[in-house]
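This report refers to the structure that appears directly beneath it.
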Amino acid sequence: MKPCLAGIAIVIGIAPAAFAQAPAPEVDQVKARQKLSMMESVLESAVANGADSLMRQVRAVMPPDALMMTGAPSARGFRLESYGVFFDVEVPAFRRTMAYTLRQMVDENGLGAATAVNQLKSYIATVQDPRTRTALQSALRRLELQVGPVGPVPSDAAARPQTVGTAAVTAQTTTAPAAPPNAAYTREVSQAIVDAMIENSGPLPIAENEWLTVAARDNVRPDRLVPGDTSNISSIVFRIRGTDLAAFRGGRMTLDEARKRVEIKQF
């Protein structure tokens, strides 16, 4: 009797196709996640570009090491059924560097480095947070290496000239250093986010009756602010309708017109 191979041939012929085909919903989810991931990168780059634009302006009027950023931008996107697409963006803040702050303290009131060192010692003794106190003590040691050992400064030092080396410095009131340019930074980052929403959101699955929303917030936690920090912790929400995005992509609306359709609220 000859063996029957017809059944085997049929199984072998359909098995590869059965294993090669993935469930359609799973494929759709992967593609949707990839599109969100691409937009996350676009928004992170937009924030970084806004920060870079500000730094170029700041370097024209302040020392290169005057400001630092409190981290890197971060974005996370979500698809919300019956609403649209939402992105949560963490925007790093600007704050004065320790080196810049120390130099300002040295020059404050014209009292010289010795007075600044002693003022720092007195202030550090009052700091309760161990991490902040350690950072300040480390900065103080670096400053002492530059000015050398100093003794106590008389209480009336501010009322009489101070001698540093062979030069006598007369005490005078100086203008306090300006706060970090938060308004300019907010403006630069906001413009970059708005343009990214309009020009780079094409691949996102946003229906004409849905919204594209970006919530940008500072990444500085209140419990991590150092004493005297002037960081303004806030959030800004940008959103635009799918109909406006479709009109821009279809050539029925200019970029400037689309920018005006973006709703902006600050909290």
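The values are calculated or read from the model by the stated rules, or taken from the named source; none is laboratory data. For clarity, every value in this text was computed on a predicted model and none was experimentally measured. Protein only, heavy atoms only, side chains kept; ligands, DNA and RNA dropped before computing areas. Shrake-Rupley method; radii C 1.70, N 1.55, O 1.52, S 1.80 Å.
Miscellaneous remarks
- Order of exposure, largest accessible area first, which applies to K31, K260 with probe 1.4 Å: K260, K31
- For R259, the solvent-accessible surface with a 1.4 Å probe is about 90 Å², rounded to the nearest 10.
- A straight chain from A207 to R252 at 0.36 nm per residue would run longer than the Cα-Cα distance by 14.5 nm.
- For S41, solvent-accessible area (1.4 Å; no DNA, RNA or ligand), Å²: 60 Å²
- Of the listed residues T70, T132, the order by accessible area with a 1.4 Å probe, largest first, is T70, T132.
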